[in-house]
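So the structure is just underneath, and the comments pick up after that.
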Amino acid sequence: MNALRRQFKEEVLAGRPRDGADQRVLPDQGWADAGYQAPVVYAFCREAGDRFRPAVGRGAAQHARQQAGYSRPTTTGSVVRLIGEAYHASWLPAEQLLLLEADADPGKTRVHRRLATPVGSPGSLTFHAAPHPQQEHLALAKHLTAEHKVEEFVTGKGVAVRWERLRKQNHGLHATYHACCAGHGCGVRLVQEQVPEPPPAPRTVARPNELAGHPWAPNRYGGERPRPDGYGGPRYRRW
């Protein structure tokens, strides 16, 4: 396990090629799944440095298996150091590390929504460049489709969303939504389209008062003019 993690560290620090050029990009963050063998992951992150962070995903599926679901904090303090988009960072004093906790269900929904967005449109997500794209992309696609979204009505809460596992090979889906959270933590934001301003409302032209000048038409002060025969006036509203 330690040998695999050291290999992962070397691959991350080696960077990735950008657009087929000689220049290589070094990732700002590398999140390591701490849901399995957490002590080993903590030791690796301490050794590797702040670029690498332990992370766990929590959602309705974990809660159904008697595990802790995701609880979104509302304020930061000595424990919760950062609140992001469907994730937060908590300080572990015993480990002297920040643990990234992600809300799994909206994270997976966001990944599938971005994959369904046409390439080139705001929010679209494309596959990485790979030496053997046919094999690697097919393997990743199987991981991304290893779970499906289920919506159900919960009394007192409304419609709840959870993701149910269809196959065990789902780690690629978890890694992808973790990468989206890490990108948000590094400052990546979705580019919003420019929404055109609504056209100005048409001007309302007041129609001339057809009763203007009539002896008992409403006057400018809101009352009624007295009738020529002396009856009516402000006290008689039935006219």
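Just so you know, all these numbers are worked out from the coordinates, no wet-lab data involved. Computed from a prediction, not measured in an experiment: that's the story for all the values here. In this analysis, Cβ positions are derived from the backbone assuming ideal geometry, glycine residues included, and neighbour counts consider all displayed protein chains.
With a cut-off of 13 Å between beta carbons, the residues surrounding Gly84 carry a summed charge of +2, where Lys and Arg count +1 and Asp and Glu -1. On full extension, the segment bounded by Lys149 and Arg189 gains 12.0 nm, given 0.36 nm per residue less the C-alpha separation. With θ taken as phi - 60° and the Karplus curve 6.51 cos²θ - 1.76 cosθ + 1.60 applied, the whole-hertz 3J(HN,Hα) list for the stretch 109-114 is 4, 5, 4, 5, 5, 6 Hz, x standing for glycine and proline.
Note on the stretch 127-203: semi-axes of the ellipsoid equivalent to its C-alpha gyration tensor, largest first and rounded to whole Å, are 34, 24, 13. Gain on full extension, evaluated as 0.36 nm per residue between Gln135 and Arg18 minus their Cα-Cα distance, stands at 40.0 nm. According to the Kirkwood relation over distinct C-alpha pairs, the hydrodynamic radius of the stretch 2-185 is 17.9 Å. First measure r as the distance between the Cβ atoms of His128 and Glu197, then evaluate 1/(1 + (r/R0)^6) with R0 = 45 Å and state the FRET efficiency to the nearest 0.05. For His128 and Glu197, the calculated efficiency is 0.70. Between Ala175 and Val159, residue separation times 0.36 nm minus the direct Cα-Cα distance comes to 3.1 nm.
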